Amino acid sequence: MIEPAFLARVRTIVGDRGMVTDAADIAPYVRDWRGNYVGNSSLVVRPANTQEVADVVKLCAETGTPIVPQGGNTGMVGGSVPDTSGSAIVLSLTRMNQIRSIDLANNAMTVEAGCILAAIQDAALANNRFFPLSLAAEGSCTIGGNLSTNAGGTAVLRFGNARELVLGIEAVTPDGQIWHGLKALRKDNTGYDLKHLLMGAEGTLGIITAAVLKLFPKPQRTCTGLVAVPDPAAAVALLATIQGAMGDRLTGFELMSRVCVEHVITQFPATTEPFSTRHDWQVLIELADTFKDAALEDALGAALEPAFATGQALDAIIATSEAQSQALWNIREHIPEAEKLRGRSVKHDISVPISRIAEFIERGDIALGKAFPDAQVICFGHIGDGNLHYNLSFPGVLPSAEQTRNANSIVYALLDELGGSISAEHGLGQMKRDEITRHKSAVEMDMMRAIKKALDPKGIMNPGKVL
């Protein structure tokens, strides 16, 4: 438990408004979004600025108090909640939610870590610019959490992961120093690029408090298409066809199995069946262009013609309005929530080379089907960048610890064989902390531990996560 003297010192730094001490108010901060991890803490600190973050961290370093940095708490692997010991404080960045500046000539925006991702997107659009990071939780996740986990989302195919959208960061080190790294430079070849150490480190090496984000020209035209395909191999072939025809106008390419679509329709009755025929696999395609007269619908239709001729495509819907486009995207975006409403499943956020996606799904489905004949594979994801959400659902029951271990063993062994990764965009957190040691070499693990020890020798930053 947190000592009264410590609480008093924190209060002098952040004031009463910056502290949450009531157990009922603390409860949402110590429980993860999926409900898989519930920790314990008697103090949530909500600093209002970077100096307050630094002063709190300095106090924690002095007293050896563990810190769990937290943004919107929308993570999937238990990385943003404390353990059950009650010894850690939760340091929430949500009060630090200001957009500090927008530099249109430099196509850059400086934001604080607690800014909601959707608010950043809206601010960019209001200034005739575009910030492309987009994911299902964008209405509640914060940019600090996005950067700390190197978030992916639906636009990685065109724009890259979160770390590729950042020019500079401001951060507080584990000893309470402030690193003023908010340079808005696209070229700065002066040694180690330290910002990349903190991005993707899940708060284990320091606390990101602000960032300079890249902005892009605002798309003037977009086009959404839903294409039925016979199987994942045809989806991969179709990806190459569309990329060849559309180039970097292709911003999204999402695969959905029939099971996913049925779950969304069941859990969200307002969702309608997109095709008259029920197809086993569908691909959601998004195009964007800065040329306002771009005939994207015609271009997509023309690009699909050879796909129909070769059997890559079986049916297609090309949205003719914003409402229809949103209806198609709603199917994809509601899959995680629909899955959650059905109950818990064994989740796998994995990546493989795009050329091995079809093989992974085929072999994975066979192996899991033999091991768990009563379970159901839920497969969807961003195949344009090789990232699948490949989950195993046990209808009506919770998967046991043994079932979870066995399912993981099957999926992870196949990933190792195909040159994949056990975490594509969700991170390691506490869920995959121990598992990663079986998939990274001893050299990699030693390097990671050396970095952790060098930057956080007292081990107070998000303990029990990643390493």
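The values are calculated or read from the model by the stated rules, or taken from the named source; none is laboratory data. Since the model is a prediction, treat every value here as computed from it, not as a measurement. Cβ coordinates were reconstructed from backbone atoms using ideal geometry, including for glycine residues, and neighbour counts include every protein chain displayed.
So here's what we get for this one:
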| quantity | calculated |
| --- | --- |
| Number of positions in segment 162-176 that are at positive phi and free of Cβ contacts under 8 Å to residues at least 60 places away in the same chain | 0 |
| Residue selected from segment 276-296 under the condition part of a loop (DSSP other than H, G, I, E, B) and surrounded by 13 or more Cβ atoms within 10 Å (Cβ to Cβ), by the criterion modelled with the lowest pLDDT | A294 |
| Positions within segment 152-183 being over 24 Å from the mean Cα position of the chain (by Cα) and of a type in the set (A, V, I, L, M, F, W, C), in sequence order | I178, W179 |
| First in segment 128-141 and over 16 Å from G114 (Cβ atoms), second anywhere and part of a strand (DSSP E or B) and aromatic (F, W, Y), Cβ under 6 Å, 6 or more apart | F130/F216 |
| Residues of segment 277-315 that turn out to be closer than 24 Å to E333 by Cβ and of a type in the set (K, R), as a count | 1 |
| Count - residues of segment 453-467 that are small (G, A, S) and more than 14 Å from V57 (Cβ to Cβ) | 2 |
| Test: residue in segment 145-161 that is in contact with a helix residue (DSSP H, G or I) (Cβ under 6 Å, 6 or more places away or on another chain), free of Cβ contacts under 8 Å to residues at least 40 places away in the same chain and surrounded by 19 or more Cβ atoms within 10 Å (Cβ to Cβ) | no |
| Test: residue in segment 416-439 that is of a type in the set (A, V, I, L, M), farther than 30 Å from R158 by Cβ and modelled with pLDDT of 95 or more | no |
| Condition met for G369 (of a type in the set (G, A, S) and under 20 Å from L238 (Cβ atoms)) | no |
| Among (1) modelled with pLDDT under 95; (2) at positive phi, the one test that D248 misses | (2) |
